[in-house]
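Worksheet: one structure, shown below.
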Amino acid sequence: MKTNYIQPKIRNVPRRRILMCGSAIVIGAMWPKSVLAGAQREETLADDVASVMRNAVSNANPPRLIFNSQTEANRWLHAMSSRLERYVPDVYGRTRLLTNIQYEAMRAGLDTQVVLGLIEVESRFRQYAISHVGARGLMQVMPFWVRQIGRSEHNLFDIRTNLRYGCTILRYYRNRENGNMVRALARYNGSLGRTTYSDAVIGAWKKHWQWT
């Protein structure tokens with residue numbers, strides 16, 4: 001079945017930004033259980049790998065939901081929006097955020113629901129979260145990635161940019177681990193060899209974001 005690109009209907013909804021005030025900046029020490037990815041290790045990337053990742057983070061198309069039908073897209077968006085309400089109370093904000101998450105996850109070939117679990121564990125969906133070592137945003141991306149695969153003007157607090165980086169990095173780690181998502185998640189957290197972080201993300205996915 002052909003996959004369609006669907007723009008969600010968000011008319012007649014107040015357009016307020018998602019926690020866009022400066023006071024939303026959070027130091028990791030304040031939320032030790034929810035800002036975790038600061039242990040990512042900088043590494044030398046092969047030229048071909050860096051080139052692929054660089055193209056992935058630089059190619060920014062307008063986000064849209066990717067489903068086989070409008071009905072399926074609406075069902076998913078309604079269900080996920082209800083679950084996300086405790087973190088993002090604004091309806092428009094939830095729609096915008098979920099559309100970006102689903103698009104970037106699908107674009108990277110990742111399971112959207114796992115990415116939602118990762119964001120819950122990493123930042124509790126706080127756009128301006130900062131860990132004690134400087135990991136930033138929804139997916140807690142370390143700034144060194146901008147130097148390695150991005151451009152100086154890339155802002156890791158921007159929702160789309162952060163998700164694009166985070167999904168690209170997670171896909172890279174999954175490829176390194178030959179599709180083993182448990183080990184890929186551990187690499188994302190910088191805790192390869194332990195399963196505490198992977199278990200937390202998978203647990204959040206299965207408890208709050210599972211979708212069939």
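Among the residues of region 68-80, what is the count of those that are surrounded by fewer than 17 Cβ atoms within 10 Å (Cβ to Cβ) and part of a helix (DSSP H, G or I)?
Taking region 68-80 as the starting set, the residues that turn out to be surrounded by fewer than 17 Cβ atoms within 10 Å (Cβ to Cβ) are 68-72, 74-75, 78-79.
Restricting the remaining residues to those that are part of a helix (DSSP H, G or I) gives 70-72, 74-75, 78-79.
Final tally of qualifying residues: 7.
Could you tell me how many of the residues in region 44-67 are surrounded by 12 or more Cβ atoms within 10 Å (Cβ to Cβ) and assigned to a helix (DSSP H, G or I)?
9
How many residues does region 149-175 contain that are assigned to a loop (DSSP other than H, G, I, E, B) and either of a type in the set (Gly, Ala, Ser) or in contact with a Gly (Cβ under 7 Å, 6 or more places away or on another chain) (or both)?
Residues of region 149-175 assigned to a loop (DSSP other than H, G, I, E, B): 150-158.
Next cut, either of a type in the set (Gly, Ala, Ser) or in contact with a Gly (Cβ under 7 Å, 6 or more places away or on another chain) (or both) only: 150, 152, 156-157.
Qualifying residue count, region 149-175: 4.
Which ones in region 196-212 are surrounded by 13 or more Cβ atoms within 10 Å (Cβ to Cβ), among the hydroxyl-bearing types (Ser, Thr, Tyr) and either touching an Asp or Glu at 6+ places or on another chain (Cβ under 7 Å) or free of Cβ contacts under 8 Å to residues at least 40 places away in the same chain (or both)?
Ser198
Out of all the residues in region 176-195, is one or more in contact (Cβ under 8 Å) with a residue 12 or more places away in the chain, small (Gly, Ala, Ser) and in a loop (DSSP other than H, G, I, E, B)? Explain how you work it out, then say what you get.
Here is the first cut: in region 176-195, the residues in contact (Cβ under 8 Å) with a residue 12 or more places away in the chain are 181-191, 195.
The next check asks that each one be small (Gly, Ala, Ser); those that pass are 184, 186, 190-191.
Okay, now just the ones that are also in a loop (DSSP other than H, G, I, E, B), so 190-191.
Checked against the condition, which is being in contact (Cβ under 8 Å) with a residue 12 or more places away in the chain, small (Gly, Ala, Ser) and in a loop (DSSP other than H, G, I, E, B), region 176-195 yields at least one hit.
Looking at (1) outside any helix (DSSP H, G or I); (2) in contact with a strand residue (DSSP E or B) (Cβ under 9 Å, 6 or more places away or on another chain); (3) surrounded by fewer than 16 Cβ atoms within 10 Å (Cβ to Cβ), which is the only condition Arg126 fails?
Of the numbered conditions (1) outside any helix (DSSP H, G or I); (2) in contact with a strand residue (DSSP E or B) (Cβ under 9 Å, 6 or more places away or on another chain); (3) surrounded by fewer than 16 Cβ atoms within 10 Å (Cβ to Cβ), the odd one out for Arg126 is (3).
Report whether or not Arg164 is more than 17 Å from Ala46 (Cα to Cα), touching a residue at least 60 places away in the same chain (Cβ under 8 Å) and within 17 Å of the chain's Cα centre (by Cα). Show your work before the answer.
Details: more than 17 Å from Ala46 (Cα to Cα): yes; touching a residue at least 60 places away in the same chain (Cβ under 8 Å): yes; within 17 Å of the chain's Cα centre (by Cα): yes.
Yes: the conditions hold for Arg164.
Laboratory data are not the source of any read-out in this text; all were calculated from the coordinates shown. Only a predicted model underlies this, so the values are computations on that prediction, with no experimental measurement involved. Using ideal geometry, Cβ is built from the backbone for each residue, glycine included, and neighbour counts are taken over all protein chains shown.
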